[in-house]
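Trainee: Handing you this structure, nothing more for now.
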């Protein structure tokens with residue numbers, strides 16, 4: 001259910017009341033779930049409320065979601081003390097698609113950037129949506145990798161208002177994400193990025209996602225904050241290892257020692273998440289946005305081939321060798337499977353899809 005403008009005004013009034021933080025907001029919400037009235041001590045900043053509403057009404061791609069809104073992302077709604085209000089620019093439906101967060105250093109190595117782009121591209125091709133924080137470095141490379149896949153979407157979670165861009169060098173990238181995915185923030189219109197806002201942003205990044213993949217991170221990286229939130233929220237944590245003498249990957253190695261899954265290929269991530277994507281998960285709230293298992297009936301030959309195709313790239317020669325079928329037969333069956341959206345062509349061969 002969407003809030004009426006009058007109902008939304010009360011939510012924003014409480015949200016813009018100095019002295020009423022997230023905890024107090026949730027306490028009042030427990031007493032009055034629709035925010036039909038305001039606490040007697042509320043002193044709303046009505047100028048800020050009008051600014052938010054004016055921004056929303058200016059463009060059909062501008063959205064303000066409350067916890068009461070049916071479009072509010074299911075996964076995020078089920079974390080502890082979820083943001084009461086979200087500001088969104090772009091395609092609202094992508095908020096409930098199965099997501100993987102990708103985070104890492106703002107000063108990565110060239111290899112780290114290549115890994116971020118490649119993993120994001122492969123995982124997007126295989127049915128996951130990439131969520132990150134629009135920062136320079138790994139975040140930006142992850143968004144670009146996702147956008148390199150035709151018709152794919154990606155989500156950027158911001159530590160500022162969605163009407164501004166931080167960092168400015170990602171202005172064009174942010175505009176692209178707004179048309180192919182969405183920009184999202186819990187911070188009101190006009191908010192500028194401050195250091196204390198980034199941990200709050202990281203909590204949303206992990207909360208939206210099935211898991212967090214840390215691509216490259218030092219021990220003092222903010223990416224480890226995102227990983228900690230992921231653990232607290234019951235999400236999976238993945239980390240890509242690197243050279244043992246490189247300080248740029250010490251954070252990843254620390255996470256692996258703490259129990260994060262060591263990742264070398266996209267398949268390593270998908271193997272861990274496959275059960276979640278089929279709704280066999282601890283947090284059933286995810287199921288509303290999951291891709292259901294395929295209901296396509298396959299003949300024995302199609303099923304045989306599908307069983308021999310990995311979630312990562314599998315070359316045609318390997319498929320021929322595994323199945324023992326003639327090359328022309330393999331080619332014909334691969335086409336059939338691709339037309340049924342069970343596999344997809346990727347660099348080097350074919351890969352099995354989760355959707």
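The values are calculated or read from the model by the stated rules, or taken from the named source; none is laboratory data. On a predicted model such as this, the values are computed, not experimentally measured, just so you know. Cβ coordinates were reconstructed from backbone atoms using ideal geometry, including for glycine residues, and neighbour counts include every protein chain displayed.
Trainee: Within the range 159-176, does at least one residue satisfy the condition of being in contact (Cβ under 8 Å) with a residue 60 or more places away in the chain, touching a strand residue (DSSP E or B) at 6+ places or on another chain (Cβ under 9 Å) and under 16 Å from residue 91 (Cα atoms)?
Mentor: yes
Trainee: While we're on this one: Would you confirm whether any residue within the range 201-215 is farther than 30 Å from residue 72 by Cβ, touching a helix residue (DSSP H, G or I) at 6+ places or on another chain (Cβ under 8 Å) and assigned by TED's automatic domain parsing to the domain that holds residue 97? Explain how you work it out, then say what you get.
Mentor: Going through the range 201-215, the residues farther than 30 Å from residue 72 by Cβ turn out to be none.
No, that holds for no residue.
Trainee: Here's a check for you: in the range 28-37, which residue that is surrounded by 11 or more Cβ atoms within 10 Å (Cβ to Cβ) and out of contact with any helix residue (DSSP H, G or I) (no Cβ under 6 Å at 6 or more places or on another chain) is nearest to residue 69 (Cα to Cα)?
Mentor: Looking at the filtered set, the residue picked out is 34.
Trainee: Let me ask something additional. How many residues does the range 136-158 contain that are in a loop (DSSP other than H, G, I, E, B) and either surrounded by 24 or more Cβ atoms within 10 Å (Cβ to Cβ) or in contact with a strand residue (DSSP E or B) (Cβ under 8 Å, 6 or more places away or on another chain) (or both)?
Mentor: 3
Trainee: Sticking with this structure for a sec: Would you mind finding the one in 106, 97 that is in contact with a helix residue (DSSP H, G or I) (Cβ under 9 Å, 6 or more places away or on another chain), surrounded by fewer than 19 Cβ atoms within 10 Å (Cβ to Cβ), assigned by TED's automatic domain parsing to the domain that holds residue 189 and at pLDDT 90 or above?
Mentor: Result of the check over 106, 97: 106.
Trainee: Give 334, 276, 305, 255 a once-over and let me know the one that is modelled with pLDDT under 80 and buried (at least 19 other Cβ atoms within 10 Å of the Cβ).
Mentor: 276
Trainee: For the range 43-61: of the residues being in contact (Cβ under 8 Å) with a residue 24 or more places away in the chain and over 26 Å from the mean Cα position of the chain (by Cα), which is surrounded by the most Cβ atoms within 10 Å (Cβ to Cβ)?
Mentor: Within the range 43-61, the match that is surrounded by the most Cβ atoms within 10 Å (Cβ to Cβ) is 49.
Trainee: Which residue is nearest to residue 252 (Cα to Cα), if the candidates are limited to the range 103-120 and must be assigned to a helix (DSSP H, G or I) and out of contact with any strand residue (DSSP E or B) (no Cβ under 9 Å at 6 or more places or on another chain)?
Mentor: 112
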